[in-house]
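What follows is a single structure, written as structure tokens, with notes after it.
What follows draws every value from the coordinates through simple rules; no lab data is involved. Nothing here was measured: the structure is a model prediction, and the numbers come from that model. Glycine gets a Cβ as well: all are built from the backbone with ideal geometry, and neighbour counts include every protein chain shown.
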Amino acid sequence: MIYSSELIKGTLKTIVLKLLADNKKMYGYEITQRVKELTLDKIQITEGALYPTLHALEADGLVTTQAEYIGKRVRKYYTLSPTGKSKAKEKVSELADFMDTMRFLLDIKPTTA
Amino acid sequence: MYTLSDSQIKFILDDIRASGIEMDDLQQNLLDHVCCIIEHELEENGDFERFYFSTIKTFYKKELKEIETETQNLLTFKNYYAMKKAMITSGTISAAAFIIGSFLKIMHWPGAIVFLGLGFITFSLIFLPLIFLLKVGEINTKRDKVVLSIGTLLGILYCFSMLFQVMHWPGKHMIWLSTLAISFFVFIPVYFFTGIRNAETKVNTIVASILLVAVIGIQFTLTALRPSAETQNKTYAYVQNEQLLKKMQTSSGDRLPVGSLEQKLVSDIQKTCQQLKELILKNETGQTFIPDDFELHHITISEGILGDGFYKDGTGIKLLSDLKAEIALYNSSKLKTEENKIPVAHTILEAASDRIGLYNNLSALNELTRIQMHLICS
């Protein structure tokens with residue numbers, strides 16, 4: 001099952017921040033691949049959603065960038081800034097709390113294997 | 001793994017640019033992203049162009065440019081909530097300032113100008129632009145955006161016209177007439193012809209347009225295009241009195257011995273009268289005197305109340321009480337016969353202190369000129 005884009009849209013910032021918190025520096029393509037890998041293809045981040053988010057995070061000062069030349073093209077690496085680090089923690093715990101609330105609200109029983 | 005040549009990279013970058021991506025950063029990001037996909041997924045002898053076009057298609061729904069639009073939206077509206085909050089705060093501040101300012105103005109208490117000015121500025125320069133920025137993002141059609149832009153601009157102009165009127169700044173008529181003209185000749189036609197084409201908004205557009213024409217028409221009838229003959233005659237009378245006073249001042253010379261108490265008192269009263277007149281004229285015409293070529297500049301003293309400008313920083317009230325004291329001292333002098341005393345009955349000097357704001361400005365000016373004439377004759 002691939003999740004709908006509406007579900008992913010609200011959590012994309014958190015996903016990107018958390019990935020950057022766990023990996024020192026990443027570039028766009030790497031982020032999409034890592035998410036695909038970790039979620040066994042269930043979450044596929046689209047380019048149309050990822051790059052606007054990365055630019056917004058940069059404008060907010062949550063990430064810093066570093067350009068690296070690969071032949072004729074430039075690769076932009078993203079790293080969390082100090083404020084980005086605390087924001088990542090804040091966003092993850094907010095989402096965890098939200099998930100607990102949703103579990104309670106929608107009365108979802110934990111699935112036992 | 002496929003290896004991309006320099007010309008292929010240039011080909012991709014050119015295509016991304018041609019698709020309408022203008023931000024340099026975004027171009028580079030997308031270029032690297034496509035290159036990575038091609039390098040990882042295309043076989044060594046695969047068809048580069050076909051694979052590229054099928055890959056780039058997965059980046060968007062309708063066109064590649066939507067990524068840039070989304071990026072710009074996020075960058076512009078990253079402060080969406082802050083903007084909304086600022087809009088509500090500035091709206092509340094301006095509403096409160098308008099209410100307090102209006103109340104002070106009605107009561108002729110000091111501070112009205114400060115509050116009204118604050119209201120006008122926050123409303124026109126913070127509140128209206130914020131509404132525009134927040135609303136323009138929600139609107140899809142170009143026509144509505146044009147109507148909203150002109151409407152916002154007019155709102156700001158309208159506020160400035162009122163501010164200019166209240167502060168008696170030069171150019172107040174010009175800005176007010178431009179506001180009315182733009183409303184009537186630009187805004188209403190644009191609003192009417194864009195709204196009437198849509199069946200859903202047709203009736204509302206017609207009703208709203210009629211209301212707008214009526215409101216602007218009423219405001220236009222209230223606008224004096226040129227001062228009335230009566231106002232002009234009163235201004236001439238004041239200017240003629242002033243000329244007479246000047247002539248009397250120069251021809252009388254110094255009758256009183258220099259350094260005497262009376263000479264000092266007379267010059268004090270003259271000075272205070274002059275300062276008071278300058279203050280009243282400044283509030284009324286924006287200048288401290290009526291220049292000789294006043295007709296050329298369409299300067300007239302339109303009769304009205306002294307108003308808040310007189311109370312501002314307490315200058316008017318202080319000058320007036322100084323004048324009262326000086327004249328009382330002058331009149332109480334033993335040498336003064338009854339007919340040599342300066343008459344103060346039914347002048348601004350006798351007005352109750354809480355009613356001075358309501359005093360007629362032209363009367364006050366003429367009374368002060370007469371006091372100055374009395375001084376010279378007695």
- Message: How far apart, in nanometres, would the label points at B:ASP144 and A:GLU37 be if each is projected 7 angstrom from Cα along the Cα-to-Cβ direction?
- Response: 4.6 nm
- Would you mind checking the tilt of helix B:24-41 against the longest principal axis of the Cα atoms of chain B, expressed as 0 to 90 degrees and rounded to 10? 10 degrees
- Please identify the trypsin sites (Lys or Arg not before Pro) of the range B:106-197 that satisfy two criteria: DSSP loop assignment and at most 11 other Cβ atoms within 10 Å. Which are they? B:ARG197
- Item | Debye log10 I(q)/I(0) for chain B, one point scatterer per Cα, at q = 0.11, 0.14 Å⁻¹ | -0.94, -1.20
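Determine one quarter of the surface area of the Cα convex hull of chain A, which equals its mean projected area, and express it in nm² to one decimal.
Working: hull surface 33.8 nm².
Hull-based average projected area comes out at 8.4 nm².
Apply the Kirkwood formula to the range B:229-377: the hydrodynamic radius equals the inverse of the mean of 1/r over all pairs of different alpha-carbon atoms; give it in Å with one decimal.
Details: mean 1/r = 0.0619 Å⁻¹.
Answer for the range B:229-377: a Kirkwood hydrodynamic radius of 16.2 Å.
Only helical DSSP H runs with n ≥ 4 go in: add -39500 (n - 2.57) per run for chain B, normalise by residue count and round the 222 nm mean residue ellipticity to 500 deg cm²/dmol. Present the calculation step by step, with values, prior to reporting the outcome.
Details: 16 runs with 254 residues, N = 378.
About -22000 deg cm²/dmol.
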- Return the loop-located trypsin sites (Lys or Arg not before Pro) in the range A:46-90 (DSSP other than H, G, I, E, B) with at most 12 other Cβ atoms within 10 Å of their own Cβ; answer none if there are none. none
- Item | Violating pairs (Cα-Cα greater than 22 angstrom) within the set A:LYS76/B:LYS65; A:LYS36/B:LYS10; B:LYS277/B:LYS318; B:LYS247/B:LYS271 | A:LYS36/B:LYS10
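Could you put A:HIS55, B:HIS173, B:HIS298 in order, starting from the residue whose Cβ has the fewest other Cβ atoms within 10 Å? Don't jump to the answer; show the numbers that get you there.
Working: A:HIS55 24, B:HIS173 16, B:HIS298 10.
By the 10 Å Cβ count, ascending, the order reads B:HIS298, B:HIS173, A:HIS55.
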- Note on the structure: Dividing the surface of the Cα convex hull of the range B:291-377 by four yields a projected area in nm² of 7.0 nm²
- Query: Lysine pairs, Cα distance under 27 Å, 8 or more residues apart or cross-chain: how many in the range B:84-222?
  - Reply: 11
- Item | Cα-based equivalent ellipsoid, the protein assembly as shown: semi-axes from gyration tensor eigenvalues, Å | 75, 26, 23
